[in-house]
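To start, the structure under review is shown below, and the notes come after it.
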Amino acid sequence: MNIVTPPLTAETEALKKAYAAFNRNDIAATVEALDPQIEWTEPAEFPGAGTYHGHEAVKAYLSQSRADWAEGSSEPERFIVAGDKIVVFVRARARLRASTEWHDTRLADVFTFRNGKAIQMRAFADRQQAREWVGVKGSDAN
């Protein structure tokens, strides 16, 4: 009997582990699912906007992005496989060290995979734009 595995199942599991690692501030484990030459792009709407190349640059960015957090998390809410890409709907909640106010953001990260590793990550402030960028129809982007 042949067991059919949905596309990018192992990669989706690797991303779940990566988000869990980020949430416990284990930045080294966070990048394990990434190709050493990863291209990581954050949109203009986000602090730290820009493109980062390679594990070391991404680790530095991720460490800096958490540096002002008193507490918080980035929880994946949904994974959508689209060809060689995985769209991750993320809910990011954080309270900064100098504040009592919580920031709550819903965004999308799109990972492109080759040979089991993410070669590109592009974040979107608008989940619908992420869906459109990968060619996935639908408007249930919440």
Inset, instruction - Exposed loop GluC sites (Glu not before Pro) only (DSSP loop, at most 13 other Cβ atoms within 10 Å): please give the longest stretch of the chain free of them, not including the sites. - result: 46-100
Legend entry - More than 18 angstrom apart: percent of Cα pairs within the range 1-118: 54 percent
Inset, instruction - Mind listing the long-range amide H neighbours of ALA118? Cut-off is under 5 Å, sequence gap 5 or more, other chains count too, H placed in the peptide plane at 1.01 Å from N. - result: LEU34, ASP35
Inset, instruction - Please name which of GLN129, PHE113, TRP102 has its Cα lying farthest along the dipole of the range 99-141 towards the positive end, using unit charges on Cβ (Lys, Arg +1; Asp, Glu -1) and the Cα centre as origin. - result: PHE113
Legend entry - Positive-end residue of THR12, VAL88, ALA60, charge dipole of the range 1-90 with Cβ unit charges: THR12
Legend entry - Estimated 222 nm signal from helices in the chain, with DSSP H stretches of n ≥ 4 weighted -39500 (n - 2.57), rounded to 500: -8500 deg cm²/dmol
Inset, instruction - Could you state the angle between the C-alpha long axis of helix 9-23 and the longest principal axis of the C-alpha atoms of the chain, as a value from 0 to 90 degrees rounded to the nearest 10? - result: 10 degrees
Legend entry - the chain, accessible area per residue, ligands and nucleic acids excluded (1.4 Å, Å²): 57 Å²
Legend entry - Solvent-accessible area, 1.4 Å probe, carbon plus sulfur percent, for the range 5-99: 51 percent
Legend entry - Nearest-ten-degree value, helix 54-66 long axis tilted from longest Cα axis of the chain: 50 degrees
Inset, instruction - Starting from the range 28-120, pick out the trypsin sites (Lys or Arg not before Pro) whose DSSP state is loop and whose Cβ has at most 16 other Cβ atoms within 10 Å. - result: ARG97
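The values are calculated or read from the model by the stated rules, or taken from the named source; none is laboratory data. Here the structure is a predicted model, which means the values were calculated and not measured. With ideal geometry, Cβ positions are generated from the backbone for all residues, glycine too; neighbour counts draw on all protein chains shown. Keep in mind that these areas ignore ligands, DNA and RNA; they rest on the heavy atoms of the full protein, side chains included. Shrake-Rupley method; radii C 1.70, N 1.55, O 1.52, S 1.80 Å.
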